[in-house]
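Beneath this line is the structure, given in structure tokens, with notes to follow.
Please treat every number below as a calculation from the coordinates, not as lab data. None of the values given here were measured: they were computed from a predicted structure. We place every Cβ from the backbone using ideal geometry, glycine too, and count neighbours over all the protein chains shown.
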């Protein structure tokens, strides 16, 4: 079998970097074991949250015997990990598009098989990343010296990909008893790498960011990108060995798709934008959606925004959705920071039917006050934002995976240097602001959305234009590419 850590797209990795990669794998194997020879049972289970709307079934590995009658004709694996909410959200978009196109989406979270080395290795790295995210928000010096450079340049290097590839060899066992002809769309690079190490024949690697980094490479797969800006950066592996000129990626290994967006959002895009504009014209409360990601960071910023909006909420000039995901303690902390929430806030907690009903009725109905959402189920926690997006007017978010969604966006300060390119891309296409790097500029932008209609109207019109040129068709194209690999 080819050693994917030693040579990457024809570029030899320096011996010391390769030795470091081998050492990394040995360290994890020593700590968590090497189950490469294991043969884990596989079964399918209807996803409690996503089966009804999207036909999603979970692939369960090392979780007891059961039925696993895969649809070898229409089946498609969406391979992911829970690392924050971003990769889950992209996976939901892929599943939605697959369902809309008549295929059968199978959900495979490599971070959910607790008995396997795969999940133990991913969990350890996920814990480190989450810790780094939180520290970067608390300590400016740590962010400046460690976190920003790591996210911007450290993950960019081929040497980092070399170690990732070697570690991914420990993840391949979970694919052992899965039919090799099933196409796989990885929404994080580790599922794509693990699938290739396991001999899966048709692998697509959906790259989430707009800053080319070797972190996202899975040689042997078809790499997908959401923006044309990043195309040349990936083709020539720009800066991935400092100033060295590298051998480029083959042309057929990299494809532009546009943004990975759920079918339900794309199909209703014009209607939702028209309703937003109609609410603005009639002086209805402008609906702001705050979504807090899996790291639970930026609470101070969210509290400042909420405090600033309270007077407008009381005057029915603004309404607020707050999705704290599966982090109820974040809502409790926000109530301590903003005591008015105890009187104004209506909670929709751990009642999925209530959340779905609210989201559906809000699309054309009236909304006032503050509505807080919390769900212990991770799928509900993530998908809640997608459902609320249709009736929201402005999404406040850091420029992560949500930077690509078709809703007017106010971009908060990033967490990690790579995220800034998401805001730049969105601003260029007119559906989002520039990144607001501090609280005063964030509040200034909130006031602009509230106090005038020019900015908001132009964003809604830009979203419609973007749809007409296929900017939001990336999930459909990803599914078509994955299924096309099989038919070819």
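Using DSSP, restrict attention to beta bridges with both residues in region 263-468 and report what percent are antiparallel, rounded to the nearest 5. Taking every DSSP beta bridge with both residues in region 263-468, the antiparallel ones total about 0 percent. Here the residues 225, 469, ranked from fewest to most Cβ neighbours within 10 Å of their Cβ, fall in the order 469, 225. Relative to the dominant Cα principal axis of the chain, helix 117-138 is inclined by about 40°. Once the Cα atoms are used to define both axes, helix 158-168 deviates from the longest principal axis of the chain by about 80 degrees. For region 102-126, backbone nitrogen atoms closer than 11 Å to the point 7 Å from residue 45 Cα along Cα-to-C-beta are found at 113-114.
Among 174-180, 256-262, 42-48, the peptide with the highest mean count of other Cβ atoms within 10 Å heads the list, and the full ranking is 256-262, 174-180, 42-48. From its DSSP helices (H runs of at least four residues, each -39,500 (n - 2.57)), the chain gives a residue-normalised ellipticity at 222 nm of -13000 deg cm²/dmol. Take every DSSP beta bridge whose two residues both sit in the chain; close to 15 percent of them are antiparallel. Once the Cα atoms are used to define both axes, helix 86-100 deviates from the longest principal axis of the chain by about 90 degrees. When the Cα centres of region 300-371 and region 45-111 are compared, how far apart do they sit, in Å? Here the two parts' Cα centres lie 30 Å apart. Considering region 315-399 at the alpha-carbon level, its Rg and Dmax are found to be 12.4, 34 Å. With a simple spin-label model that places each label point 7 Å from the Cα along the Cα-to-Cβ direction, the separation between residue 229 and residue 134 comes to 3.1 nm. Here the extension length gained between residue 153 and residue 180 equals 6.2 nm, from 0.36 nm per residue of separation less the Cα-Cα distance. For region 210-331, the direction-averaged projected area of the alpha-carbon convex hull comes to 11.8 nm². Taken over the chain, the convex hull of the Cα atoms encloses 138 Å³ per residue. The alpha carbons of region 1-108 stretch over 51, 31, 30 Å along the principal axes, in descending order.
Potential lengthening of the chain between residue 364 and residue 2 amounts to 124.8 nm, from the contour at 0.36 nm per residue minus the alpha-carbon distance.
Could you order the peptides 372-380, 474-482 from most to least packed, using the average number of other C-beta atoms within 10 Å per residue?
Result, highest mean first: 474-482, 372-380.
Taking a ≥ b ≥ c as the square roots of the eigenvalues of the Cα gyration tensor of region 249-302, is the shape rounded (a/c under 1.5), prolate (a/b larger than b/c) or oblate? Since a/c reaches 1.5 but b/c is at least a/b, the shape of region 249-302 is classed as oblate.
As a proxy for reagent exposure, 90, 13 were ordered by neighbouring Cβ count within 10 angstrom, fewest first; the result is 13, 90. Residue exposure proxy: 286, 150, ordered by other Cβ atoms within 10 angstrom of their Cβ from fewest to most, comes out as 150, 286.
Based on the Stokes-Einstein relation at 4 °C and a viscosity of 1.567 mPa s, and on the Kirkwood radius from alpha carbon pairs, region 263-468 is assigned a translational diffusion coefficient of 77 µm²/s.
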